[in-house]
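Asks: Shown below is the structure under consideration.
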Amino acid sequence: MVTGATALAQALGISERVIGLTMLALGTSLPELASSLIAATRRHTELVLGGIIGSNIFNILAILGLTALVQPLPVDVQSAQGDILVMIGFAAAALLLMWRTARLGKLGGLVLLAAYGAYTYTLF
């Protein structure tokens, strides 16, 4: 899925940054999404949050670190700084949405999903 979607997006002239933030992120997150949906339907919310947080930490530190060991990665510092700030903002927004009830409901999930859609739309 990732290979085909990436090739199609490149043929359509979509930037690599947008491809990475959308299709590649979705393709690599499908296992976490599937296990999170199953855990959520069984009301095991601790597994959902643990899987998401653990996956993100592992991807940032281990995968990025191992990749950089094999081949140095060129980084557009300005884009990376902006993306990091957005990532911190999304984490803060998720915490704020869960602050009073210690849960993220459908409305909160919709807000986060819509904000992500708006962010990626601005990159086109």
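Asks: Using 0.36 nm per residue, how much length does the chain from residue 118 to residue 28 gain when fully extended, once their Cα-Cα distance is taken away?
Replies: 30.3 nm
Asks: Taking the chain as a Gaussian network, Cα atoms linked when under 10 Å apart, which of 69, 95, 37 shows the biggest mean-square fluctuation?
Replies: Judging by the Gaussian network model, the answer is 69.
Asks: Heads up, I need the accessible area for residue 86: 1.4 angstrom probe, whole protein in place, Å², nearest 10.
Replies: Estimated to the nearest 10 Å², residue 86 gives 40 Å².
Asks: While we're here: Summarise the accessible area of the range 60-124 (1.4 Å probe, protein heavy atoms) by the percent that is carbon and sulfur.
Replies: Answer for the range 60-124 is 74 percent, counting heavy atoms of protein chains only.
Asks: Return one whole number: the accessible area per residue of the chain in Å², for a 1.4 Å probe.
Replies: Numbers: 9520 Å² over 124 residues.
It amounts to 77 Å² per residue over the chain.
Asks: Among the GluC sites (Glu not before Pro) in the range 1-91, which ones are in a DSSP loop with at most 13 other Cβ atoms within 10 Å of the Cβ? Mind listing them?
Replies: Counting only loop positions with at most 13 other Cβ atoms within 10 Å, none of the GluC sites (Glu not before Pro) in the range 1-91 qualifies.
Asks: Between residue 44 and residue 95, what is 0.36 nm times their sequence separation minus the Cα-Cα distance? Round to one decimal in nm.
Replies: Value of the extension gain: 16.5 nm.
Asks: Let me check against my output: what whole-number percent is the relative contact order of the chain, with C-alpha pairs under 8 Å and at least 6 apart? Numbers along the way, then the final one.
Replies: Details: 41 pairs, mean separation 29.8, N = 124.
Computed over the chain, the figure is 24 percent.
Asks: Quick one: in the chain, what % of C-alpha pairs are over 16 Å apart?
Replies: Cα-Cα pairs in the chain separated by more than 16 Å: 72 percent.
Asks: Follow-up question, since we're still on this one. Just to be sure I understand the rule: take each whole DSSP H helix in the chain, project its Cα atoms onto its long axis, keep it if the span is 30 Å or more and its mean Kyte-Doolittle hydropathy is at least -1.0. Which ones pass?
Replies: Long hydrophobic helices here: 77-98.
Asks: Sticking with this one: Label points 7 Å out from Cα along the Cβ direction at residue 16 and residue 63: separation in nm?
Replies: 1.7
Asks: Here is a further query. Can you give the accessible area of residue 101 in Å² (nearest 10), computed on protein heavy atoms with a 1.4 Å probe?
Replies: 90
The values are calculated or read from the model by the stated rules, or taken from the named source; none is laboratory data. Every value quoted in this text rests on a predicted model; they were computed, and no experiment measured them. Reconstructed Cβ throughout: ideal geometry from the backbone, glycine too, with neighbour counts over all protein chains shown. Only protein heavy atoms, including side chains, enter the accessible area calculation; ligands, DNA and RNA are left aside. Shrake-Rupley method; radii C 1.70, N 1.55, O 1.52, S 1.80 Å.
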